[in-house]
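The values are calculated or read from the model by the stated rules, or taken from the named source; none is laboratory data. Remember, it's a predicted structure, so these values are computed and weren't measured experimentally. Positions of Cβ are backbone-derived with ideal geometry, glycine not excepted, and every protein chain shown enters the neighbour counts. These area figures cover heavy atoms from the full protein model, side chains too; ligands, DNA and RNA do not enter into them. Shrake-Rupley method; radii C 1.70, N 1.55, O 1.52, S 1.80 Å.
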Amino acid sequence: MNQIFECEAFEGHAFRVTWGINEGDPLGPVSQLCLGDTYMLDPAASPVSLGLDVATTLRLATFSGTTRALLVAEMRVRVLGELKFMSADGDLITALLLLAGNAHLLLPLNPMRLGMAFALIAIDPGVSDLRMAQLVTGCFATGARVTMGDGEMRPVEALDVGEMVRTRDHGPQPLRWIGRATLRAHGPFAPVTFAAGSLGNLGALTLGPLQRVFLYQRQEDRLGTRAEILVQAQYLVDDRRVLQREEGFVEYHSLVFDEHQIIYVEGIPVESMLVSRATRDRLPPALAEDLAQRFPQLNQHAHFAQDIAPEHLTPDHRASILRQKEK
């Protein structure tokens with residue numbers, strides 16, 4: 001069974017050095033990159049939609065939107081390395097440098113703002129594949145306690161399919177599927193740990209960085225347009241009460257219900273895994289195949305809470321959220 005990872009990348013010519021040793025040059029081979037060079041993505045750049053076959057050798061299954069890159073179906077795609085960039089305001093971007101034929105492509109692993117300058121701060125040429133397992137969203141680290149239908153709190157690793165879990169909006173709901181993956185705690189996939197009480201959580205809580213936390217806003221100075229919002233764990237890191245570590249390995253657990261739910265982990269509301277074609281295709285092949293076979297029609301709608309983009313979450317907002325939850 002082929003596993004197609006759908007993503008968007010930018011052609012190398014659209015990402016150029018605006019200051020530094022390679023000033024004026026587009027993104028190219030790892031050997032030509034220089035730490036400290038500042039890059040900017042052309043504000044007029046359009047992403048190339050890629051479908052990458054990750055079952056065996058990485059190949060280009062589908063593509064659209066390309067302008068200059070000479071891409072051909074079934075073309076071999078190589079991962080040349082992992083790059084880290086930082087903006088002047090501290091936004092950290094991790095991206096993969098791909099080579100498809102003779103075309104260099106930049107695949108950001110988290111959102112990259114158009115027209116923003118990014119300094120190249122790290123180059124890791126040792127990345128040999130896309131590590132699809134690390135793109136799992138909606139995940140909790142071993143030890144996180146989930147509130148069951150009867151109010152009992154049980155470690156996520158002790159849960160079984162079919163058991164009833166308490167949800168915020170629909171009462172106790174049966175757990176339909178559990179995904180488990182042990183990953184290297186690295187880059188934007190390094191786990192985020194909330195100290196006990198930092199979000200009102202009863203114990204220390206470790207989440208995947210893309211895992212979204214549900215927040216109900218009572219104050220007038222709200223983020224977004226709704227009282228109910230979802231914020232990715234990585235955007236709440238303050239390096240004091242909320243930390244992101246990069247060392248060793250972490251075991252993540254993903255929980256799936258009939259519908260996308262808000263559940264309680266360590267006593268605070270967080271989302272379950274949102275299952276759609278896009279998220280399912282980003283699971284490790286074995287997990288994706290198991291989920292697809294068990295629930296071939298499972299295509300959930302996201303919870304009504306508003307997703308908050310990182311540029312809207314200022315340090316003051318972050319501090320306010322953590323202060324309110326500590327009270």
Exercise. List, please: which pairs have Cβ atoms under 7 Å, are six or more places apart or on different chains, and start with a residue in the range 162-188 that is within 26 Å of Val250 (Cβ to Cβ) and open to solvent by 80 Å² or more (accessible area, probe 1.4 Å) and end with one that is at pLDDT below 75 and outside any strand (DSSP E or B)?
Worked result: Arg176/Phe295
Exercise. If you take just the strands (runs of 3 or more DSSP E) that sit entirely in the range 237-327, which of them hold at least 3 residues that are closer than 30 Å to Leu58 by Cβ and modelled with pLDDT of 75 or more?
Worked result: 249-256
Seminar exercise, completed: Restricted to the range 32-87 and to residues being modelled with pLDDT of 90 or more, open to solvent by less than 30 Å² (accessible area, probe 1.4 Å) and outside any strand (DSSP E or B), the residue nearest to Leu106 (Cα to Cα) is Leu33
For this session: Give the range 13-31 a look and list any residue that's under 16 Å from Leu106 (Cα atoms), free of Cβ contacts under 8 Å to residues at least 24 places away in the same chain and assigned to a loop (DSSP other than H, G, I, E, B), or say none.
Result: Asp25
Problem set entry | Members of the range 235-254 that are in contact with a strand residue (DSSP E or B) (Cβ under 6 Å, 6 or more places away or on another chain) and either under 19 Å from Glu271 (Cα atoms) or of a type in the set (Gly, Ala, Ser) (or both) | Leu236, Val237, Val242, Glu251, Tyr252, His253, Ser254
